[in-house]
1. Scan the range 215-224 for residues that are within 16 Å of ligand 4 (Cβ to nearest atom) and among the hydroxyl-bearing types (Ser, Thr, Tyr) and jot them down.
2. Looking only at the range 89-142, which residues are under 21 Å from Asn286 (Cβ atoms) and of a type in the set (Gly, Ala, Ser)?
3. Only residues that are surrounded by 13 or more Cβ atoms within 10 Å (Cβ to Cβ), within 18 Å of the chain's Cα centre (by Cα) and within 16 Å of ligand 1 (Cβ to nearest atom): list them for the range 218-252, please.
4. Residue pairs, Cβ under 8 Å, 6 or more apart or interchain, first in the range 294-306 and over 14 Å from Leu36 (Cα atoms), second of a type outside the set (A, V, I, L, M, F, W, C) and in a helix (DSSP H, G or I). List them.
5. Within the range 256-310, how many residues turn out to be buried (at least 20 other Cβ atoms within 10 Å of the Cβ), near ligand 2 (Cβ under 10 Å from one of its atoms) and of a type in the set (S, T, N, Q)?
6. Within the set of pairs 6 or more residues apart or between chains, which connect a residue that is under 17 Å from Met244 (Cβ atoms) inside the range 191-217 to a residue that is assigned to a loop (DSSP other than H, G, I, E, B) with Cβ atoms less than 6 Å apart?
7. Go through the range 283-295 and count every residue that is more than 13 Å from the chain's Cα centre (by Cα) and more than 10 Å from ligand 3 (Cβ to nearest atom).
8. Please go through (1) surrounded by fewer than 16 Cβ atoms within 10 Å (Cβ to Cβ); (2) under 20 Å from the mean Cα position of the chain (by Cα) for Phe183 and return the number of the only condition it doesn't satisfy.
Amino acid sequence: MAETRFAIGYALAPKKQNSFIQDSLVSLAKSRGIYLVRIDMERSLVDQGPFDCVLHKLYGDDWKRQLQDFKVKYPNAVILDSPDAIERLHNRISMLQVVSELKIEDHNETFGIPKQIVIYDKETLFDRQAWETLKFPVIAKPLVADGSAKSHKMALVFNHDGLNQLKPPIVLQEFVNHGGVIFKVYVVGEYVKCVKRKSLPDVSEDKLRVSEDLLSFSQVSNLATNERIDDKYYKRMQLDDTEMPPQSFITDIARGLRQAMKLNLFNFDVIRDSRYGNRYLIIDINYFPGYAKMPGYETVLTDFFCDIMYKKQKEVVNCPDEKDCLINTGLDRRQTHNNDKDMRKLISNTCCDVDEGGLPVSTISREEKENSLQV
Ligand SMILES: Nc1ncnc2c1ncn2[C@@H]1O[C@H](COP(=O)(O)OP(=O)(O)OP(=O)(O)O)[C@@H](O)[C@H]1O
Ligand SMILES: O=P(O)(O)O[C@H]1[C@H](OP(=O)(O)O)[C@@H](OP(=O)(O)O)[C@@H](O)[C@@H](O)[C@@H]1OP(=O)(O)O
Ligand SMILES: [Mg+2]
Ligand SMILES: [Mg+2]
């Protein structure tokens with residue numbers, strides 16, 4: 001059992017709580033001193049805890065205000081992640097804008113986003129000039145990506161007649177043939193994991209001519225909550241032979257996105273443009289995705305929580321004004337601190353080390369972590 005304890009409060013919708021807060025995660029985290037505590041949404045956040053960290057995926061102004069109030073009361077608690085940073089992902093245009101800002105040196109692969117336009121009203125939908133740069137088929141996606149079932153409802157539109165059935169505001173994105181496989185890249189702090197998922201099949205010119213006007217679908221690449229990505233899944237979906245994108249290329253994009261968005265917990269969907277073979281397109285970015293489907297999610301998430309918490313602890317020991325950094329939140333402090341030295345040793349809510357993008361960095365080795373505990 002770890003000697004230092006940290007309390008991480010989580011505020012998640014019931015479906016997310018069921019999939020993410022599994023016994024296997026809770027017990028592994030606990031064995032390493034991380035206590036995952038449910039935040040009661042019936043009560044106000046400031047009246048609960050104290051927490052060293054708040055982990056959340058909730059929407060709305062009321063929740064944002066609650067986090068702000070919590071931050072005022074506990075200025076040094078870590079909020080995973082900042083609501084302002086998450087907000088960018090609630091709109092499918094701002095979501096992908098960040099991709100165009102990335103600068104990555106790679107001589108063999110290129111990346112970008114599909115051609116797309118935003119349509120706010122019916123009038124513009126039928127104004128051919130507005131979107132003459134796009135070629136059929138296109139995917140119509142709701143502009144808002146707020147986690148509602150509606151925000152996942154898409155349509156593959158094969159011709160102009162199909163447009164009649166669309167309800168703006170929407171994003172129209174060129175459908176790019178990609179061999180029916182999507183790459184989902186999970187990011188947890190500095191950890192990056194790319195997996196393959198089944199996607200929409202390619203649309204040939206012939207199919208385009210004879211198909212219906214429109215095909216509706218929702219979360220085609222999603223898995224059932226209890227499914228994990230493993231060799232069995234790849235076999236069943238015949239994804240064994242699909243080559244992965246180069247790991248270093250994917251890691252560079254993930255790091256770039258993390259820095260630019262100031263987010264720790266997200267995934268992004270990438271497709272490989274069949275016309276080129278070395279061109280990759282980012283089509284979707286999701287905050288706090290279904291991590292439980294990721295291989296070894298318990299270890300990855302526990303490592304991440306520990307890194308963030310121990311890094312903060314180490315910082316306070318080296319912080320000349322550490323007294324100003326102290327707030328009474330962690331479990332240990334309530335239970336076991338005896339003197340000033342112990343207090344410093346156990347402190348968690350302090351000024352945390354951040355990188356250029358303002359993100360907590362988790363660069364400490366196991367040895368350093370151990371040293372930081374031996375004050
Ligand atoms: N531009 C595109 N070209 C080809 N296929 C696409 C494109 N955009 C989306 N798709 C397919 O449609 C699926 C759903 O699109 P998208 O990922 O944008 O929706 P979502 O509802 O936000 O998904 P998620 O469940 O990952 O949040 C993708 O997983 C992929 O299979
Ligand atoms: O349903 P899961 O837990 O797997 O997670 C899905 C998650 O739903 P949840 O957050 O409500 O759970 C979705 O979030 P919203 O857009 O709806 O906010 C979105 O991120 C999907 O991409 C996730 O699936 P994944 O891409 O990881 O397979
Ligand atoms: Mg997606
Ligand atoms: Mg999405």
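Bear in mind that the values in this text are calculations on the coordinates, not laboratory data. Treat the numbers as computed from the prediction; the structure is a model and nothing was measured. Cβ coordinates were reconstructed from backbone atoms using ideal geometry, including for glycine residues, and neighbour counts include every protein chain displayed.
1. Step one: list which residues in the range 215-224 are within 16 Å of ligand 4 (Cβ to nearest atom), which gives 217-223.
Within the range 215-224, Ser218, Ser221 qualify.
2. Ser94, Ser100, Gly112, Ala140
3. Once the filter is applied, which keeps residues that are surrounded by 13 or more Cβ atoms within 10 Å (Cβ to Cβ), within 18 Å of the chain's Cα centre (by Cα) and within 16 Å of ligand 1 (Cβ to nearest atom), the range 218-252 yields Ser221, Asn222, Leu223, Thr225, Ile229.
4. Tyr297/Tyr291; Val300/Tyr291
5. Final tally of qualifying residues: 1.
6. Lys193/Met294; Val195/Ile229; Lys196/Leu239; Lys196/Thr242; Arg197/Ser221; Lys198/Met237; Ser199/Gly180; Ser199/Ser221
7. Residues of the range 283-295 more than 13 Å from the chain's Cα centre (by Cα): 283, 293, 295.
Next, from what is left, pick out any that are more than 10 Å from ligand 3 (Cβ to nearest atom): 293, 295.
Result for the range 283-295: 2.
8. So Phe183 meets the others, but not (1).
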